[in-house]
1. Output the direction-averaged projected area (hull surface divided by four) of the convex hull of the alpha-carbon atoms of the range 199-248, in nm².
2. If you fit an axis through the alpha-carbon atoms of helix 78-88 and take the longest principal axis of the Cα set of the chain, what angle between them do you get, 0 to 90°, nearest 10?
3. Provide, as a two-decimal number, the C-alpha radius of gyration of the range 63-110 over 2.2 N^0.38 Å, N being how many residues it has.
4. By how many degrees, 0 to 90 and rounded to 10, does the Cα axis of helix 32-44 deviate from the longest principal axis of the chain?
5. Let me have the relative contact order for the chain, percent, based on Cα pairs under 8 Å that are six or more residues apart.
6. At a 10 angstrom cut-off on C-beta neighbours, averaged per residue, how do the peptides 207-219, 36-48 rank from highest to lowest?
7. Does the range 94-166 come out rounded, prolate or oblate, given a ≥ b ≥ c as the square roots of the eigenvalues of its C-alpha gyration tensor, rounded meaning a/c under 1.5 and, failing that, prolate meaning a/b above b/c?
8. Neighbouring Cβ atoms within 10 Å as the yardstick, rank 23, 133 fewest first.
């Protein structure tokens, strides 16, 4: 008997990461990948693996996480699959798009860059604290803008990342690192070809120390140009961080 033709689908996913132990499947805890795969298993009555563009940590959100799957069902349309997944997951996950994509696409390895945004607020607000950081101190906008400019280009980000086994180089190319200042606070936006464990949170924490006057712009530049492990960088909380989009 000939094997049924395999289809490859791309998914765009948004989620509130507050109640998840991150993206990647883990036993006995709730994860985004685990929940979506459970829904796919029910839809197709078969084990379906979800391949994401990258892992977000516990408490981190996504607006444009990209993933792909392989299926052998030729009858279900993309919109039916999208609606089916959403009907079987809780409301803190939403599949915004399912589309047919040519063979050979890989959500992780084909990504050119990923854009993250981090939101800070100047006043405590119970309606925003799931999605923003209130550091409870004032900061100088011009200082954090000046320091962020130093991130552009290829650098070793060891000073801003928590170490993991088998990670040694920590090289990333940052295409953009900008602050969007507003009356309620600020949003830090960064686009890079790759990221290391908690790297964006380490960068934001260090930038806030610059804005508060704890370290100078020159000190920040030293962390960028001459990184060292365990540089005593403050890691901003996960709630303010969102994976905004993945570029291909």
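What follows is calculated from the coordinates using simple rules that are stated; it is not laboratory data. Nothing here was measured: the structure is a model prediction, and the numbers come from that model. Every residue, glycine among them, receives a Cβ derived from its backbone with ideal geometry; neighbour counts consider all protein chains shown.
1. Values: hull surface 18.3 nm².
Mean projected area of the Cα convex hull: 4.6 nm².
2. The angle comes out near 70 degrees.
3. Numbers: Rg = 11.7 Å, N = 48, 2.2 N^0.38 = 9.6 Å.
Against the compact-globule rule of thumb, the ratio is 1.22.
4. Approximately 10 degrees, to the nearest 10.
5. Numbers: 531 pairs, mean separation 59.8, N = 248.
Across the chain, relative contact order equals 24 percent.
6. The densest-packed peptide leads the list: 207-219, 36-48.
7. Working: a/c = 2.36, a/b = 1.43, b/c = 1.66.
Oblate, because a/c is 1.5 or more while a/b does not exceed b/c.
8. Ascending number of Cβ neighbours within 10 Å: 133, 23.
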